[in-house]
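All remarks here apply to the structure that follows.
The values are calculated or read from the model by the stated rules, or taken from the named source; none is laboratory data. From a predicted model like this one, the values you see are computed outputs, not experimental measurements. So basically every Cβ, Gly included, is an ideal-geometry build from the backbone, and we count neighbours across all protein chains shown.
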Ligand code: 2IT
């Protein structure tokens, strides 16, 4: 493949989609040599085909708010690639949702799902609906309206959505109820379901747990240990919560978390069940602010309007949203001696930030590897639904851990450089690409 030409083509074809171009470029730049060493990929135009989503569904969602006024939102589902299994990926309800963000997330998801080794293709969906400040009734009516349209395109063997930013157990419940009402089927069409009606143990914690299992792999490779390490996290949502729980369990000292309003510094450590539970409560209120944490816990200090990345640490974990950590943030982290950076949000770091970490030989894990524990556990939920049984906590956790260790090993296998430095970005992209590419070759031109 001619890297320059492929990049120029996607830039020309997707002029208003900077996020998609950013995600695609990162993959293309890291797989180009590998693709060129294996001419079959060019022969079957695998790169060109992977860059084009199989289908993009875009629809109107009309609903009635508490004042009786009609509201109109946009709904999306990008069915990116079905080569290795049904489309699988979350639904995001956030004002930033548009075709660009959905497309980049679906693209990332295809590679991520491939890395899990489970049979899941890539998809992503959502809406520009903003859950902030909405009543429960409004959220329910929105979810019902959204699913009324989406149900035409999904199914347990076709496309299995789950949660993402703004979509938690409550929203999955409302959407599942509407699917069931319209189709008269109680099937595994969504993951992240409640335990009483087909959900899996550990699914809520899985993204964060998985990211810390991946981090353990990075530490072990450096003959280092997590005990006593100083950690900081951005975000205080579901992913940050699972990450905080596992960091505390393994003896790291989490000193800072953040929200869009600023960050909390707590030198005593955010590691008691009470503090971590409170993160979750703050998230549930959906006001998107972290400040009340400092009112409740006297050891904590709130820094309004500031990003968390200026806090010196050994471990930094980005758990909020795309491009939350830029080149300047990365420089500050490096200057302050960070050793491990884990992107837990999807494409949480800008291209500049990644280059800065890699140049400084900081261990850097990309989101599609480090955050794959969430969708992997969704895959385990699908297995349990198909078998009509449920595994206990230990069984799910053990499988999750095994999957994350396997992803880490795969990144090492494809990402180790001559100097000994592990380029996890390259490793993850090549390993994720191989499985999808082989499946596409086997399945003929489509
Ligand atoms: O970004 C992600 O991997 C998710 N939001 C989870 C997707 C899933 O299907 O569990």
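Specify which of the listed residues (116, 158) is under 22 Å from the mean Cα position of the chain (by Cα), within 16 Å of the ligand (Cβ to nearest atom) and surrounded by fewer than 24 Cβ atoms within 10 Å (Cβ to Cβ).
158
Scan (1) within 13 Å of the ligand (Cβ to nearest atom); (2) under 17 Å from residue 89 (Cβ atoms); (3) in a loop (DSSP other than H, G, I, E, B) for the single condition residue 202 breaks and write down its number.
Failing condition for residue 202: (2).
Do we have residue 378 as touching a residue at least 24 places away in the same chain (Cβ under 8 Å) and away from the ligand (no atom under 13 Å from the Cβ) here?
no
Of everything in region 336-375, what is in contact with a strand residue (DSSP E or B) (Cβ under 7 Å, 6 or more places away or on another chain), closer than 20 Å to residue 414 by Cα, assigned to a helix (DSSP H, G or I) and away from the ligand (no atom under 16 Å from the Cβ)? Give them in sequence order.
354, 357, 358
Here's the yes/no breakdown for (1) in a strand (DSSP E or B); (2) in contact (Cβ under 8 Å) with a residue 12 or more places away in the chain; (3) within 16 Å of the ligand (Cβ to nearest atom); (4) surrounded by fewer than 18 Cβ atoms within 10 Å (Cβ to Cβ):
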| site | (1), (2), (3), (4) |
| --- | --- |
| 47 | no, yes, no, no |
| 62 | yes, yes, no, yes |
| 78 | yes, yes, yes, no |
| 85 | no, yes, yes, no |
| 97 | no, yes, yes, no |
| 105 | no, yes, yes, no |
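State yes or no: is residue 285 closer than 29 Å to residue 88 by Cα, surrounded by fewer than 24 Cβ atoms within 10 Å (Cβ to Cβ) and either within 15 Å of the ligand (Cβ to nearest atom) or modelled with pLDDT under 95 (or both)?
Here the answer is yes, as residue 285 does meet what is asked.
Give 149, 196, 171 a once-over and let me know the one that is within 15 Å of the ligand (Cβ to nearest atom) and either part of a helix (DSSP H, G or I) or closer than 21 Å to residue 372 by Cα (or both).
171
So residue 211 passes all but one of these: (1) closer than 30 Å to residue 417 by Cβ; (2) assigned to a helix (DSSP H, G or I); (3) more than 12 Å from the ligand (Cβ to nearest atom). Which condition number does it fail?
(3)
Can you tell me which residue is nearest to residue 271 (Cα to Cα) among those in region 214-240 that are out of contact with any strand residue (DSSP E or B) (no Cβ under 7 Å at 6 or more places or on another chain) and either free of Cβ contacts under 8 Å to residues at least 24 places away in the same chain or part of a strand (DSSP E or B) (or both)?
Across region 214-240, the extreme among qualifying residues is 225.
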